[in-house]
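The values are calculated or read from the model by the stated rules, or taken from the named source; none is laboratory data. Source: prediction; values computed, not measured. Virtual Cβ from ideal backbone geometry, glycine too; neighbours counted across all protein chains shown. Quick note on the areas: whole protein, heavy atoms, side chains included, nothing else; ligands and nucleic acids left out. Shrake-Rupley method; radii C 1.70, N 1.55, O 1.52, S 1.80 Å.
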Amino acid sequence: MTQRSLNLDDNLYQYLLDVSLRETPLLKRLRDETAQLPTARWQIAPEQGQFMALLVQLTGARRILEIGTYTGYSAICLAQAMPADGQLICCDLSGDYNAIARRYWYEAGLLERIDLRLAPALETLSTLERGGQGESFDLIFIDADKANYPIYLEHALVLVRKGGLILFDNVLWSGRVLEQNPDSADTRAIQALNRTLKRDQRVELSMLPLGDGLTICRKR
């Protein structure tokens, strides 16, 4: 028995993948293609994608909002786990990686479930709120520019329904959250978000050492 989370070395991490990961050939090809990009560090871990898909299935989420989509790996995980009539709205900026995402979404047969909105995420979120979509989402996954994480939290709390989930990626930030007086605005924002969530009575939460750190919040 252990009283704390394990520190996975390479061998133990590979064992975890070997005995639990059910990554489809399509997702593996997408992950391999993404690994060739100079921004490959933006890609989530495959076991994280599988875990988030399980959360969708457990909650029966039909309306999902993703803030930060990149090459579309997490979007496939989420969209495939939804019911056939589900909808996933993806927020991202224009980039060469948009074409990669759309190509794999088409191959996965998910284009009708995914609505990609190319604009600054804060603009898209404000548009959704003005359009009367408050408390209409079952799950929101946030994995975009870290400096805006505290602001994304406030928008997410408006848009997610009571009992719905808000997921924040990169909350351990490769250990940089331990820095004192960091120069990076991204690091300062993640530190601020983590402190805020700890005392925020609007949510229940659990931070998991999954991938680069994943916090799961449930709106009260």
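Under the condition of being over 13 Å from D143 (Cβ atoms) and touching a residue at least 24 places away in the same chain (Cβ under 8 Å), which residue from region 178-187 is most open to solvent (accessible area, probe 1.4 Å)?
Initial filter on region 178-187 (over 13 Å from D143 (Cβ atoms)): 178-185, 187.
This time we only want the ones that are touching a residue at least 24 places away in the same chain (Cβ under 8 Å), so: 185, 187.
Numbers: A185: 51, T187: 2 Å².
Looking at the filtered set, the residue picked out is A185.
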Residues of region 124-139 classified as closer than 25 Å to M52 by Cβ and open to solvent by 60 Å² or more (accessible area, probe 1.4 Å), total:
2
Can you spot a residue in region 103-118 that is open to solvent by 20 Å² or more (accessible area, probe 1.4 Å), farther than 23 Å from L37 by Cβ, in contact with a helix residue (DSSP H, G or I) (Cβ under 6 Å, 6 or more places away or on another chain) and at pLDDT 95 or above?
yes
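Within 30 Å of G134 (Cβ to Cβ), within 15 Å of the chain's Cα centre (by Cα), surrounded by fewer than 18 Cβ atoms within 10 Å (Cβ to Cβ) and of a type outside the set (G, A, S): does that describe L78?
Details: within 30 Å of G134 (Cβ to Cβ): yes; within 15 Å of the chain's Cα centre (by Cα): yes; surrounded by fewer than 18 Cβ atoms within 10 Å (Cβ to Cβ): no; of a type outside the set (G, A, S): yes.
When the stated conditions are applied, L78 does not pass them.
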So which residues in region 149-177 are under 29 Å from R62 (Cα atoms) and open to solvent by 10 Å² or more (accessible area, probe 1.4 Å), if there are any at all?
P150, I151, E154, H155, L157, V158, R161, K162, G163, L165, N170, L172
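Just give me the residues in region 108-148 being among the charged types (D, E, K, R) and closer than 13 Å to R63 by Cβ, in sequence order.
Kept after step one, since they are among the charged types (D, E, K, R), are these residues of region 108-148: 112-113, 115, 117, 123, 129-130, 135, 138, 143, 145-146.
R113, D115, E135, D138, listed by residue number.
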Restricting attention to region 85-99, does a residue exist that is open to solvent by less than 60 Å² (accessible area, probe 1.4 Å) and polar (S, T, N, Q)?
yes
